[in-house]
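First comes the structure, then the notes that go with it.
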Amino acid sequence: MRRGLVAVSLVALGLAAPAWADDINPDRPGIADGSGVVGAGRWQVEAGLQREWRNDGDTRERLTTVPALLRAGIDEHWEARIEGNTFGWQNQSDAARSTGAMPVSLGVKYHLSGNGEAGTPGAAVIARVFPRSGADTFGTHRATGDVRLVADIALTPDWSVTPNVGVARQEDDAGQQFNTALLAGTLAYAASKQLNVFLDAGMQWREERHGRKQVILDTGVAYVLTPDVQLDATIGRGVHGATPPRVYASAGVSVRF
């Protein structure tokens with residue numbers, strides 16, 4: 001759970017008030033996912049660089065990952081998804097170092113209705129399966145997965161919210177599987193036609209098999225450079241629980257083909 005926190009629970013949404021009629025609508029940055037799909041015959045790559053800082057007793061840890069999401073449009077309702085943190089570099093204050101491949105998921109998004117505009121909230125279902133994958137240091141021992149109901153709701157022409165709710169089967173650092181509930185929400189403000197800012201909150205009810213809940217908060221910006229390219233930056237922290245990072249920061253780019 002701790003090693004794959006951001007990949008599992010942290011993914012982004014496409015923000016409101018685009019500069020063009022058919023803007024790119026990525027699922028990064030942020031915690032909550034949006035309801036939009038990429039469209040039939042379209043491909044979208046969303047990738048970034050993320051760094052997390054943690055304290056484990058007297059030991060300080062720094063983990064760097066490369067989160068990536070590949071989305072392939074099937075039709076106006078369905079898209080296929082491959083997602084993961086791809087590769088990790090972990091350094092500790094006691095000089096211990098680890099590198100290796102991170103777990104990856106296979107999933108789908110099904111768009112149910114709406115487009116997130118005023119009076120027509122968007123809704124979709126996202127389901128993912130994480131096969132046993134990743135290097136020894138960061139890998140998982142059993143298959144896990146999650147399913148979430150996601151939505152986009154326009155409050156005003158400039159403000160929108162994106163609530164997510166779901167359930168998951170996960171694995172903790174001891175290799176023990178457990179069931180948990182997932183909640184997330186994003187409040188976004190369109191500062192201009194290209195620039196969007198947001199606040200995020202995410203909660204997981206049981207972070208480990210015998211653990212308590214974990215809560216993370218972040219804030220960031222997304223800039224629509226062209227109709228098919230978006231840049232983003234995020235900073236956040238864990239505010240409750242043992243598994244979230246103390247602080248994390250991320251920057252990335254999303255490109256549609």
(message) Of the listed values [x] 116; [y] 149; [z] 106, identify the label whose number matches volume of the Cα convex hull per residue in Å³ calculated from this model.
(response) [z]
(request) Calculate the spin-label point distance for residue 98 paired with residue 141, positioning each point 7 Å from the Cα along the beta-carbon direction, and give it in nanometres. (result) 1.3 nm
(message) Please arrange 235, 126 by how many other C-beta atoms lie within 10 Å of their C-beta, fewest to most.
(response) 235, 126
(request) Going by C-beta contacts inside 10 Å, put 105, 133, 93, 35 in order with the fewest on the left. (result) 93, 133, 105, 35
(request) Report, in debye and to the nearest 20, how large the dipole of the chain comes out about its Cα centre when Lys and Arg carry +1 and Asp and Glu carry -1 on their Cβ. (result) 580 debye
(request) May I ask for the longest run of the chain untouched by trypsin sites (Lys or Arg not before Pro) that are loop-located per DSSP and have at most 15 neighbouring C-beta atoms (other than their own) within 10 Å? (result) 1-131
(message) I'd like the Karplus ³J(HN,Hα) series for segment 228-240: coefficients 6.51, -1.76, 1.60, θ = phi - 60°, whole numbers in Hz, and an x wherever there's a Gly or Pro.
(response) 10, 9, 10, 10, 8, 8, 9, 9, x, 7, x, 10, 7
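Counting helices only, and only those DSSP H runs with n ≥ 4, report the 222 nm mean residue ellipticity of the chain as the sum of -39,500 (n - 2.57) divided by its residues, in deg cm²/dmol to the nearest 500. Kindly include the intermediate steps, with their values, before the conclusion.
On the way: 1 runs with 5 residues, N = 257.
My calculation for the chain gives -500 deg cm²/dmol from helical runs alone.
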(message) Can you list residues from other chains, or at least 5 along the same chain, whose modelled amide H is less than 5 Å from the amide H of residue 60?
(response) 93, 94
(message) For a Förster distance of 35 Å, can you work out the FRET efficiency between the beta-carbons of residue 123 and residue 247, rounded to the nearest 0.05?
(response) 0.60
(message) Cut-off is 10 Å between beta-carbons; in what order do 203, 102 appear when sorted fewest neighbours first?
(response) 203, 102
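Coordinate-derived values only; no laboratory data. These numbers were taken from a predicted model, which means no experiment stands behind them. Because the Cβ atoms are built from the backbone with ideal geometry, glycine has one as well, and the counts that use them run over all protein chains shown.
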